[in-house]
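K.L.:
Submitted below is the structure of interest, expressed as structure tokens.
Please treat every number below as a calculation from the coordinates, not as lab data. The structure displayed is predicted, hence computed values, not measured ones. For neighbour counting, all protein chains shown are included, and Cβ atoms are generated from backbone atoms with ideal geometry for every residue, glycine included.
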Amino acid sequence: MVLEFILATASIIGGLFVAKQKEVGFWIWIGTNAGWIYVGLRHHMPWQAIMFVFYTLTSVYSIYKWRSMRRAEERNKRIVRL
């Protein structure tokens with residue numbers, strides 16, 4: 001019960017960071033998703049665990065996309081300055 005409370009609180013905090021467009025939110029979600037996967041397996045809820053595996057993959061992909069977009073923006077800023 002305590003673990004679930006900690007995971008839920010951390011998940012909300014991660015969501016707040018993502019809403020402010022901070023990458024750290026996705027890292028928080030990756031950590032909490034790992035915890036939710038554990039909870040799902042421990043409580044014999046494999047479909048919940050599978051859902052959080054997909055959420056984790058989505059977070060990893062989002063980090064990749066955000067970093068790619070940030071690099072492209074930096075390149076465009078350098079080109080404009082020239």
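K.L.:
Does region 43-52 hold any residues that are among the hydrophobic types (A, V, I, L, M, F, W, C) and over 11 Å from the mean Cα position of the chain (by Cα), and which are they? Give the steps one after another, and end with the answer.
P.N.:
First, the residues of region 43-52 that are among the hydrophobic types (A, V, I, L, M, F, W, C): 45, 47, 49-52.
Matches in region 43-52: Met45, Trp47, Ala49, Ile50, Met51.
K.L.:
Suppose we filter Thr56, Thr32 for residues that are in contact with a Leu (Cβ under 8 Å, 6 or more places away or on another chain), crowded, with 16+ Cβ neighbours inside 10 Å and either among the hydroxyl-bearing types (Ser, Thr, Tyr) or over 18 Å from Leu3 (Cα atoms) (or both); which single one remains? If you could, list the steps in order and put the result at the bottom.
P.N.:
Working: Thr56 fails: in contact with a Leu (Cβ under 8 Å, 6 or more places away or on another chain).
That would be Thr32, the only listed residue that is in contact with a Leu (Cβ under 8 Å, 6 or more places away or on another chain), crowded, with 16+ Cβ neighbours inside 10 Å and either among the hydroxyl-bearing types (Ser, Thr, Tyr) or over 18 Å from Leu3 (Cα atoms) (or both).
K.L.:
Consider only pairs whose beta carbons are under 6 Å apart and that are at least six residues apart or on different chains; among these, list those whose first residue lies in region 54-82 and is touching a residue at least 12 places away in the same chain (Cβ under 8 Å) and whose second residue is of a type in the set (A, V, I, L, M).
P.N.:
Note: pairs meeting the criteria are Thr56/Ile30; Ser59/Ile30.
K.L.:
Could you please find all residues in region 1-42 being outside any helix (DSSP H, G or I) and over 16 Å from the mean Cα position of the chain (by Cα)?
P.N.:
Residues of region 1-42 outside any helix (DSSP H, G or I): 1, 20-23.
The answer is Met1, and nothing else.
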